[in-house]
Amino acid sequence: MGFLRFIRRYSYPFKDKTRKRAHALWCMQSRCFSKDGVLNGNDMVHPVLIIGAGPVGLVLSILLTKLGINCTVLERNKAFSKHPQAHFINNRSMEIFRKIDGLVEEIQRSQPPVDLWRKFIYCTSLSGSILGSVDHIQPQDLTHVVSPVSVAHFSQYKLTMLLLKRLENLGFQICAPGSLGGKEQFCEKKIMMGHECVSIDSSDDFVTVTTSSIINGKRVEQNFHCNILIGTDGAGSTVRKLVGIEMRGEKDLQKLVSIHFFSRDLGQFLLKENPGMLFFIFNTESIGVLVAHDLRQGEFVFQIPFYPPQQTIENFSPKACEELISKLVGREFGDVNVVDIKPWIMHAEVAERFICSGNRILLAGDAAHRFPPAGGFGMNTGIQDAHNLAWKVASVIKGIAPSSMLNTYEIERRPIASFNTRLSLENYKAAMSVPAALGLSPTVANTVHQIIINGIGSILPSGLQKVALDGIFAIGRAQLSEFVLNESNPLGSSRLAKLRRIFEEGKSLQLQFPAEDLGFRYLQGALIAESNGVESPPEVLTGRRRDYTPSARPGSRLPHMFVRANPLSEETVSTLDLVSGDTVEFILIIAPVEESYRLAHEAFKVAEELEISLKVCIFWSTDSAEGLEKGSKAALSPWKNYADVEVLSSTSNWWGMCNMTNRGAILVRPDEHIAWSTSSGLAGDLRVEMQRVFSGILGLHH
Ligand SMILES: Cc1cc2nc3c(=O)[nH]c(=O)nc-3n(C[C@H](O)[C@H](O)[C@H](O)COP(=O)(O)OP(=O)(O)OC[C@H]3O[C@@H](n4cnc5c(N)ncnc54)[C@H](O)[C@@H]3O)c2cc1C
């Protein structure tokens, strides 16, 4: 009896009857996920299963849990990777992290101070001559004018540890294979390690995932059923392959080996001599990029070009890596400790679809898009996918929206993934402009490699192919000798001048992209697109830094401004903080003017009909303090879910920044993106307009 109750509680139906009735009043929903939780008296249907416990799967499980949705994560590996990989967390991801209890503060406490990572340094070795150095932090990046939080430099595996801590606080357990004694299918709030997804079967009613695990030395297969399956299983996604979704774009741009090592002595040396985040090293012996993950702890990753099959990963033994490190560093440090060596391939691809199987299977993160790490958009785009998806999944499971609303995830996120792929490619080209100016073209190196593999070189035995390749590359690197690269050599002097121009004009690889980081905008989806929507022509991407311009157009992120949410207190919060991370709630921002209060009344009525949570925020200027004392109580009675918000500068600043009059109104979604806005008052029937707005956002049909 208790057991049955447990199953029912865990796998509650997707849509409760009250909501069905409310919607039936004036809208028809497309098919909803309504399968009850018990199958054949034994198995259960999970509301959400997530495949892959990388940063994207973990962030998604936190966001869903905070919105009250139970989910379980199935992870192939038995332990979490310690390879640092991503390290740059952009502004928008940090804003999302502000809603994950204490995460931002812990990242900020643990990351190295900004002065240790604000620069990219270009040199012939770490102890040799500096070819150029670029500082990527501008004063406005630290003043919190456009965002309440700054970017961060923090290794992916350390972030994973902090995310796991948050999940544990939310009641999650990390389970080894077999530790649940055969009750795996009934697991709630678990990260099931050592469970590799090997097959997927989707019916009209639910999705079945088969996992393979090794338990007591034996291979064991288990089935898990769910209403929604989300593949966050990385660049080689099994979920994507099993459902037959193809990737579109450019494959195999470059192959690299990533060497993770520790050397406190090197860390101390760089702290003293020339601290930075990335060191691009070009010398006659070798070429590589050193990523300083934490100079204080002496934690580094070297990225070295890799040319298989002439080179194999066995050529990168720890001993060989230590030698390579010495060549690049330019001197020996006795304490170099190589801990991991990993090959990887750079692609620039986006999945042709992000959703399939009747809206039951979705892809997020690297499973849906994989791009060059230049500009650090990979993990960040994935975290923002999770943020876009969480409130939509919660709305569908809670019965607020029909399952067709999940289509808006692909409609919104796929163009952003395609855009970020193009941007990362431009950034990659910008990164390559420096070696090209030095007479080293990676395109030429790749072409030479292809000729050796497929062309004339293919007739050589493989040992000779390697010798030929090494020889050709050594000739290429000879361009970097002091003999060539100096001011008194006409060729060297013209190359050095070209290099200086690249740095001065900001044409080398940039770290920050505020316009794209904070300014990305959804043109269609769970929003009311502008009717006069004249879109500017697509931007010509250059890979250069562009500033963010605040916008209140539908699809934009709500602009940030510090306000006082409780006029009785001195405490200030960001406008982004007006949106709750713990409930699926919309925010309507208005000024304290009569017609906007009327609009708010109608919005409340429609939200009540639809059982949507709505909060109205009335933005008061400091010069209307008299009115603020009385507040909005009388104007909004009997509605209670409102907040009088004091804008610290003048009101026109807020509405002016949004390019609106104070007769305007802004409706904000639970992911802080603007669902609808009007720049001045509305004519016509406000009730009908609000019905049109909410039904359009949630995909309900009149
Ligand atoms: C050198 C380098 C530097 C980078 N720097 C940055 C940066 O600074 N900023 C940035 O934003 N991005 C960066 N990236 C990209 C970033 O690392 C990825 O975008 C990020 O790891 C994607 O996260 P994810 O959760 O989607 O996938 P992953 O991190 O790949 O996680 C996928 C998880 O799924 C599991 N899995 C796989 N298959 C299965 C299966 N069949 N069943 C169950 N589980 C499975 C895997 O074991 C893994 O744990 C960098 C990448 C590289 C290579």
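The values are calculated or read from the model by the stated rules, or taken from the named source; none is laboratory data. Keep in mind the model is a prediction, meaning the values are calculated, not measured. A quick note on method: Cβ atoms are made from the backbone with ideal geometry, for glycine too, and the neighbour counts reach across all protein chains shown. Calculation scope for accessible area: heavy atoms of the full protein, side chains included, ligands and nucleic acids excluded. Shrake-Rupley method; radii C 1.70, N 1.55, O 1.52, S 1.80 Å.
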Some residue of the range 365-375 being open to solvent by 30 Å² or more (accessible area, probe 1.4 Å), out of contact with any Cys (no Cβ under 7 Å at 6 or more places or on another chain) and at pLDDT below 95: yes
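Which of the strands (runs of 3 or more DSSP E) contained wholly in the range 162-271 include at least 3 residues that are surrounded by fewer than 19 Cβ atoms within 10 Å (Cβ to Cβ) and charged (D, E, K, R)? Even if it seems obvious, please write down each step before you answer.
Working: elements: 173-175, 190-192, 196-202, 207-215, 218-231, 247-262.
Of the strands (runs of 3 or more DSSP E) lying wholly inside the range 162-271, those with at least 3 residues that are surrounded by fewer than 19 Cβ atoms within 10 Å (Cβ to Cβ) and charged (D, E, K, R) span 218-231, 247-262.
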Contacts under 8 angstrom Cβ, first residue in the range 476-497 being modelled with pLDDT of 80 or more, partner charged (D, E, K, R) and exposed (fewer than 14 other Cβ atoms within 10 Å of the Cβ), 6 or more apart: Ser493/Glu487; Leu496/Glu487
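Can you list the strands (runs of 3 or more DSSP E) lying wholly within the range 297-399 that have 3 or more residues being under 30 Å from Pro47 (Cβ atoms) and touching a strand residue (DSSP E or B) at 6+ places or on another chain (Cβ under 7 Å)?
On the way: elements: 299-305, 337-351, 361-363.
The strands (runs of 3 or more DSSP E) meeting that bar are 361-363.
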With the condition kept exactly as written, say whether any residue in the range 214-237 is of a type in the set (Ser, Thr, Tyr) and within 10 Å of the ligand (Cβ to nearest atom). yes
Among the residues in the range 139-151, are any more than 22 Å from Thr572 (Cβ to Cβ), more than 16 Å from the ligand (Cβ to nearest atom) and without any contact (Cβ under 8 Å) to a residue 12 or more places away in the chain? no
Looking for something in contact with an Asp or Glu (Cβ under 8 Å, 6 or more places away or on another chain) and at pLDDT below 95 - is there at least one such residue anywhere in the range 32-52? yes
Every residue from the range 119-161 that is under 23 Å from Ser433 (Cβ atoms), polar (S, T, N, Q) and not in a loop (DSSP other than H, G, I, E, B): Ser133
Cβ pairs under 9 Å, 6+ apart or interchain, first in the range 536-560 and under 19 Å from Thr678 (Cα atoms), second open to solvent by 80 Å² or more (accessible area, probe 1.4 Å) and of a type outside the set (D, E, K, R), ordered by first then second residue, are Pro550/Asn659; Ser551/Asn659; Ala552/Asn659; Arg553/Asn659; Pro554/Leu523; Gly555/Leu523; Gly555/Gln524; His560/Val145
Test: residue in the range 293-300 that is on the phi < 0 side of the Ramachandran plot, surrounded by fewer than 20 Cβ atoms within 10 Å (Cβ to Cβ) and not aliphatic (A, V, I, L, M): yes
Of residues in the range 671-702 being out of contact with any helix residue (DSSP H, G or I) (no Cβ under 8 Å at 6 or more places or on another chain) and part of a loop (DSSP other than H, G, I, E, B), the one farthest from Met660 (Cα to Cα): Asp685
What pairs can you find where one residue is in the range 86-106 and assigned to a loop (DSSP other than H, G, I, E, B), the other is within 16 Å of the ligand (Cβ to nearest atom) and among the aromatic types (Phe, Trp, Tyr), and their Cβ atoms are less than 8 Å apart, with a gap of 6+ or different chains? His87/Phe154; Asn90/Phe377; Asn90/Phe513
Residue pairs meeting the criteria (Cβ under 9 Å; at least 6 apart or on separate chains; first more than 17 Å from Glu323 (Cα to Cα) and touching a residue at least 60 places away in the same chain (Cβ under 8 Å), in the range 250-270; second open to solvent by 20 Å² or more (accessible area, probe 1.4 Å) and in a helix (DSSP H, G or I)): Glu250/Leu425; Leu253/Leu425; Leu253/Tyr428; Leu253/Asn446; Gln254/Tyr428; Gln254/Pro442; Gln254/Asn446; Leu270/Leu116
Within the range 508-517, can one find any residue that is at pLDDT 70 or above, open to solvent by 30 Å² or more (accessible area, probe 1.4 Å) and within 34 Å of the chain's Cα centre (by Cα)? no
